[in-house]
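One structure below.
Only the coordinates and a few stated rules stand behind these numbers; no lab work does. This one's a predicted model, so the numbers in the text were calculated from it and none came from an experiment. No Cβ is skipped: glycine too gets one built from the backbone with ideal geometry, and neighbour counts run over all protein chains shown.
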Amino acid sequence: MSVSAARIAPTREVRPALADWIRQQRWFASSTEHPVLSRVGMWSLVDHRHQVGLETHLILDESGVTPVLYQVPLSFRSSALLGGDRALIERATVDGKTVYVYDAPHDPAYTRALLGLMLDEEIEPGESFEAAEAEGHHALTSSDIRVTDSHVLRGEQSNTSIIYDLVHPNGKPAQPVICKVFRAVSDGVNPDVTVQSALSDAGSRLVPRAVGNVTGVWRDPRQLTGLARGHLAFAQEFIPEVEDAWRVALRAADAGESFAQHARSLGEATAQVHSELARLFPVREATPDDVATIMASMRERSAQAVNEVAVLANEHDAVEQVFRLAEAADWPPFQRIHGDYHLGQVLAVPGRGWVLLDFEGEPLRPLAERSEPDVTLRDVAGMLRSFDYVAGTYASSPNAAAVQEWAQVSRDAFLDGYIARSGRDLRVQQALLDAFELDKALYEVSYEARNRPDWLPIPVNAIRHLAHRDHSSVDA
Ligand SMILES: Nc1ncnc2c1ncn2[C@@H]1O[C@H](COP(=O)(O)OP(=O)(O)O)[C@@H](O)[C@H]1O
Ligand SMILES: O=P(O)(O)O[C@H]1O[C@H](CO)[C@@H](O[C@H]2O[C@H](CO)[C@@H](O)[C@H](O)[C@H]2O)[C@H](O)[C@H]1O
């Protein structure tokens with residue numbers, strides 16, 4: 001189907017204006033001044049008014065040791081998008097005509113087409129169609145709703161999320177939808193989609209209801225078939241006007257209010273999600289190979305953390321001692337987990353309780369690893385670290401000691417809630433829990449060094465503390 005807006009002829013080459021723009025985006029993982037970019041795939045959506053060109057480019061950056069593939073949806077207009085100045089990537093002249101190129105998640109023509117694709121599961125190929133497939137969850141179809149507005153979620157995000165305001169055909173407001181456009185894409189399923197969809201389809205109220213997703217297929221010479229296949233977008237129920245647990249916790253800590261009740265119920269919700277995941281996905285006994293793989297990954301993260309912050313080399317022996325105790329411990333069964341669990345991944349929803357988000361796993365870990373069964377203690381440790389982050393945020397304030405105490409009480413209450421709901425006494429697995437907590441802090445060193453260097457002291461201090469904690473009571 002033809003589109004009336006002029007296009008810029010697609011080539012493998014990435015135009016300089018687009019390359020400059022990509023380099024400045026929060027989701028662009030490399031900090032290099034000179035990314036090595038090429039376009040390796042593209043698929044089109046059709047604007048229902050046939051006025052706007054909608055192309056999703058898959059752009060490979062080969063400047064780092066591991067190449068990263070980015071999803072870059074673009075819209076092409078022959079006149080400026082009203083209110084779209086901040087999303088303008090380039091104003092070009094093609095065959096004497098002006099073309100405005102936009103970051104498409106800010107363009108209503110793109111956002112409508114993307115949601116329509118998921119709800120109706122119909123792909124109308126545009127020009128240079130590569131391949132994309134959509135899946136809806138059938139609780140919602142496009143005949144049930146009309147989009148009245150859409151906007152991009154602000155804030156520090158690894159991906160780009162679009163929020164849709166919707167109405168029913170009779171004009172009454174409908175539950176809004178959030179659609180996450182994954183920016184770094186890889187071959188393989190994205191656990192954010194598969195895990196949350198499975199929980200939602202099984203009726204869990206601990207995650208937002210799944211609405212639909214889009215999968216792409218693109219050429220990739222590294223795959224045996226020559227083709228890669230991965231998730232590109234995921235839509236869910238959007239829960240408006242709620243806060244995440246990080247904000248609730250920060251406010252409580254600042255006001256000197258106990259968070260113990262909340263932390264306990266968060267522990268219960270966490271155990272509940274783990275039990276639901278154990279029902280929906282395979283569970284298996286830990287093998288010596290599983291233990292060896294996880295210990296190797298912990299040691300690799302430790303080496304990586306020393307690369308980022310050289311003084312951490314002083315902690316090497318103490319860190320090793322924690323790892324050795326974990327290696328010798330009894331390991332619980334392996335199952336699917338959240339994978340990057342912290343206070344910012346949980347919404348406090350009045351009348352519903354805690355709702356967990358973002359099962360994509362740690363962004364610094366390869367996607368294939370993130371769909372592997374793992375140890376639930378990793379999530380427990382992630383949340384324990386998050387309470388320490390609250391304390392770290394107040395480390396140089398006059399109430400530092402009080403917030404430190406607040407964090408300890410919250411950690412204990414979280415563990416109590418988890419133990420009560422799961423019936424598993426985590427304290428007899430202290431050696432493993434300590435190692436997972438230390439491992440998370442080592443990961444945080446790399447994460448903060450790359451994204452928020454001012455926050456580095458929080459995990460660095462935690463490593464010093466966790467590595468030297470008294471381990472004499474630990475059963476090994
Ligand atoms: N279904 C939802 N309802 C309400 N808010 C949401 C929902 N999904 C995400 N959010 C908000 O968006 C933020 C970022 O979402 P997240 O899934 O963590 O994205 P990213 O993978 O880019 O980090 C969350 O911290 C939360 O504040
Ligand atoms: O939310 P993401 O999936 O993008 O996770 C990454 O970013 C998190 C920060 O936004 C980071 O979490 C760390 O900082 C939090 C406070 O901002 C703290 O509560 C967490 O405990 C701490 O790990 C997460 O590690 C990273 O993968």
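Among 106, 48, the order by Cβ neighbours within 10 angstrom, fewest to most, reads 48, 106. For the chain, build the charge dipole from Cβ charges (+1 Lys, Arg; -1 Asp, Glu) around the Cα centre, then report which of 297, 101, 363 sits farthest towards its positive end. Projecting each Cα onto the dipole axis, the largest value belongs to 101. Evaluating 6.51 cos²θ - 1.76 cosθ + 1.60 at θ = phi - 60° for every residue in segment 433-439, the Karplus couplings come out as 4, 4, 5, 5, 5, 4, 4 Hz, glycine and proline recorded as x.
Computed about the Cα centre, the dipole magnitude for the chain is approximately 840 debye when only Lys and Arg (+1) and Asp and Glu (-1) carry charge, each at its Cβ. Amide H to amide H, with H built 1.01 Å from N, residue 174 comes under 5 Å of 166, 167, 168, counting only residues 5 or more places away or on other chains. Arranged from fewest to most other beta-carbon atoms within 10 Å of their beta carbon, 97, 180, 172 become 172, 97, 180.
For residue 223 and residue 98, the FRET efficiency from 1/(1 + (r/R0)^6), where r spans their Cβ atoms and R0 equals 35 Å, is about 0.30.
Could you state, as a whole-number percent, how many of the C-alpha pairs of segment 310-393 are farther apart than 15 Å? Cα-Cα pairs in segment 310-393 separated by more than 15 Å: 71 percent.
Shape analysis of segment 16-237 places it in the oblate category; the axes a ≥ b ≥ c from the Cα gyration tensor give an a/c of at least 1.5, with a/b not above b/c. Radius of gyration (Cα atoms) of the chain, expressed as a multiple of 2.2 N^0.38 Å: 1.03. Look at 383, 118, 295, 42 and count the other Cβ atoms within 10 Å of each Cβ; fewest to most, that gives 295, 42, 118, 383. Loop-located trypsin sites (Lys or Arg not before Pro) across segment 318-400 with a Cβ neighbour count of 14 or fewer within 10 Å are 352, with loop assigned by DSSP.
Distance between the pseudo-spin-label points of residue 324 and residue 141 (7 Å out from Cα toward the beta carbon): 6.5 nm. Here is how the number arises for the chain: DSSP H runs of 4 or more residues each give -39500 (n - 2.57), the sum is divided by the residue count, and the result at 222 nm is -12000 deg cm²/dmol. Taking label positions 7 Å along the Cα-Cβ direction at both residue 349 and residue 420, the computed distance is 2.2 nm, reported to one decimal. Normalising by residue count, segment 243-468 has a Cα convex hull of 121 Å³ per residue. In whole angstrom, segment 339-433 maps to an equivalent ellipsoid with semi-axes of 24, 18, 16, each derived as √(5λ) from the alpha carbon gyration tensor and ordered largest first. Considering only 190, 208, 170, and ranking their Cα positions along the charge dipole of segment 151-226 that arises from unit charges at the beta-carbon of Lys, Arg, Asp and Glu, the one farthest toward the positive end is 170.
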